[in-house]
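Contents: one structure, followed by commentary.
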Amino acid sequence: MDLRDAVQQISRAATRQDARRDVDALLRQVVGYEFAAFSTVDPATGLWTSCYVSGLDESGSAERERTLFELELSGDINTFAALAATEIPIATLHAATGGVLPRARRWAPLLEGLGVVDEARAVLRIDSSVWGTFVLYRAGTSSPFAPAELAVLTSALPDIARLFRLTVLRLAGAGHGDLPSPPGGFTVLPDGSLTGVSAAARAWLDALDDRRRIPSAIRCVAAAARSRPDAAVVSVPWRAGGFVTLYGSTVEGSDNVSVIIEPARGAVINEMFAHTHRLTSRERHVAREAALGKSTRDIARTLGISPFTVGDHLKALYAKAGVSSRIELVAALNDRQHDPRAALASPRPAMAYLDHYIATAHSA
């Protein structure tokens, strides 16, 4: 089986409802493992927006996820942030620790009780934009991942990254529902539970997951807020279309995190647009000014470049965004929630829910 061809077939399959489930099934055939986690990431902030877990019972999943986020953001061996900065963003824990897995901080609270003998972590990156991650775990009597198996996975990382990007954008562009209004607020306690949920926030949470579960993005933004002095921000594709933004900041004198949830604003949408269409730094600046309705001459004056150079950048933006005029570009930046239809295949529902936990044991 050619892994890259198989991933590309998943991308083209119109009837598939969850690309991560298909990738999981495919990788199990190719390299084999006991359980795994596949996550989508906000490319603008590097924070996780959803998680799909297979091969583990759901019991204890919330605590495991909360602990994992805290360890990832406070530092450990093979963090996703560190992998994202490497040329080949995939590594195994067995190799990184010289076979002494307890050297990893996550060993005792997360891996030891599951009998893990190795984990393969990968970052799904397109240029410098991260769209997802996955972790494959081997446990029990299984052998650690072999270099040849890691090489097979490495060869398919670009294709899996494009699939995850397509999945996120299809989800955001698939629905036609109205976003709840106004913004809502709630507090995340240290154990990951929620309190002080406003009526508006409840409407938002039900829109994200109508099964009354706490989405992974909320635990992630809470862990991020506790790990930094400034607010943590993550934009999540809403299953009825568009993007929702979560802002988290710690409550003074406690480990509680206050979260505001609202529709993605123009600046957030423009940032996602830039990642989606792989804009250069200068193209981002021109796009930002164009979104404000500035003329070519005004953009040139603001950026300190000639109007002719601005015109060249606008032409490049038109080509990347799949539009033919300034009006269409501004609409793409401000009104379409960076609808992927201009740059990608016709969208279709890609995930039934942002968080999809599969409590089904699989054979390796």
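The values are calculated or read from the model by the stated rules, or taken from the named source; none is laboratory data. In this text the structure is predicted, and so the values were computed from the model without any measurement. For neighbour counting, all protein chains shown are included, and Cβ atoms are generated from backbone atoms with ideal geometry for every residue, glycine included.
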**Prompt:** Among the residues of the range 265-284, is any among the small types (Gly, Ala, Ser), at pLDDT 75 or above and either part of a helix (DSSP H, G or I) or out of contact with any Ser or Thr (no Cβ under 7 Å at 6 or more places or on another chain) (or both)?
**Reply:** yes
**Request:** Return the only residue of Ser281, Ser295 being over 33 Å from the mean Cα position of the chain (by Cα) and either of a type in the set (D, E, K, R) or outside the structural domain of Ser128 (by TED's automatic domain parsing) (or both).
**Result:** Ser295
**Message:** So in the range 34-48, with the set limited to residues that are of a type in the set (Phe, Trp, Tyr) and modelled with pLDDT of 90 or more, which one is farthest from Val117 (Cα to Cα)?
**Reply:** Phe38
**Message:** Suppose we filter the range 35-71 for residues that are touching a helix residue (DSSP H, G or I) at 6+ places or on another chain (Cβ under 8 Å) and closer than 25 Å to Gly140 by Cβ; how many remain?
**Reply:** 15
**Message:** With the requirement that a residue be farther than 16 Å from Tyr318 by Cβ and modelled with pLDDT of 80 or more, what does the range 286-306 give you?
**Reply:** Lys294, Ser295, Arg297, Asp298, Ala300, Arg301, Thr302, Leu303, Gly304, Ile305, Ser306
**Request:** Give me a count of the residues in the range 25-64 that are aliphatic (A, V, I, L, M) and within 28 Å of Ala232 (Cα to Cα).
**Result:** 7
